[in-house]
Amino acid sequence: MELAYYSDYAVRLVNTEEPARGKDALTSVEAVRDLFGGSQSAARRATDADVTRFRSVRARLRAVFEAADAGEERLAVDLLNSLLLEFPVSPQVSGHDFRDDDGRPLWHMHLADHPSNATAGYAAIAAMGLAFHLTEYGVDRLGLCEAAPCRNAYLDTSTNRSRRYCSDRCATRANVAAYRARKRLEADRSERTGLAADSAQPSSAHGDRRPDLRGR
């Protein structure tokens, strides 16, 4: 498993909540287990007590994204380091996949956690994955969706650091909203220009009146 994959753990957890909409999908142990994806052995460790613990870790991970999105680089790193200290992992070389040609193991790095509970295991992997992404691509590659009221977390892997939205859906919605806003502004300007022209006409007509002195 590539180390970059682990950073998705952080994004998945942060995006279980939409604060601006008042929505929270992390309300049951089943929701906690779903976050582990294919890691069923780790998911089975989850209990009802992990719901509250996961929410606490989620708030701390969102704070990392918020600091990064606000350009507060050192704060983002400090917040992430505190998670790494609290939830450590042991990197190991793993080879459970095999090459097609000769049957030799396909070696790769794996993050082995030694958790006391499901939350500790998930938090360790999420924090380490986020740390790898941050050091590889930069703090500014951690963002929050600009399509209000979404604010979902995302990891920018674009070549020109141009990503601003968490999904194509939010990008489309934001573009449509911006287009409509421009049209409203153009309509308002056109209306104000028309009103100004109408109000100027009577005064111009009055100013053009001159006394007829030919009969005098």
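The values are calculated or read from the model by the stated rules, or taken from the named source; none is laboratory data. Computed from a predicted model, the values in this text were never measured in an experiment. A quick note on method: Cβ atoms are made from the backbone with ideal geometry, for glycine too, and the neighbour counts reach across all protein chains shown.
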(request) Go through (1) farther than 22 Å from VAL32 by Cα; (2) modelled with pLDDT under 90; (3) not hydrophobic (A, V, I, L, M, F, W, C) and name the single condition ARG141 misses. (result) (2)
(message) For the range 137-146, check the following and say yes or no: at least one residue is more than 28 Å from LEU84 (Cβ to Cβ), of a type outside the set (D, E, K, R) and touching a Phe, Trp or Tyr at 6+ places or on another chain (Cβ under 9 Å).
(response) no
(request) Say whether the condition of being at pLDDT 85 or above, among the aliphatic types (A, V, I, L, M) and either loosely packed, with under 15 Cβ neighbours inside 10 Å or under 26 Å from ALA46 (Cα atoms) (or both) is met by at least one residue in the range 144-164. (result) yes
(request) For PRO105, work out the one condition from (1) crowded, with 20+ Cβ neighbours inside 10 Å; (2) more than 14 Å from the chain's Cα centre (by Cα) it doesn't fulfil. (result) (1)
(message) For the range 7-24, check the following and say yes or no: at least one residue is surrounded by fewer than 14 Cβ atoms within 10 Å (Cβ to Cβ) and part of a loop (DSSP other than H, G, I, E, B).
(response) yes
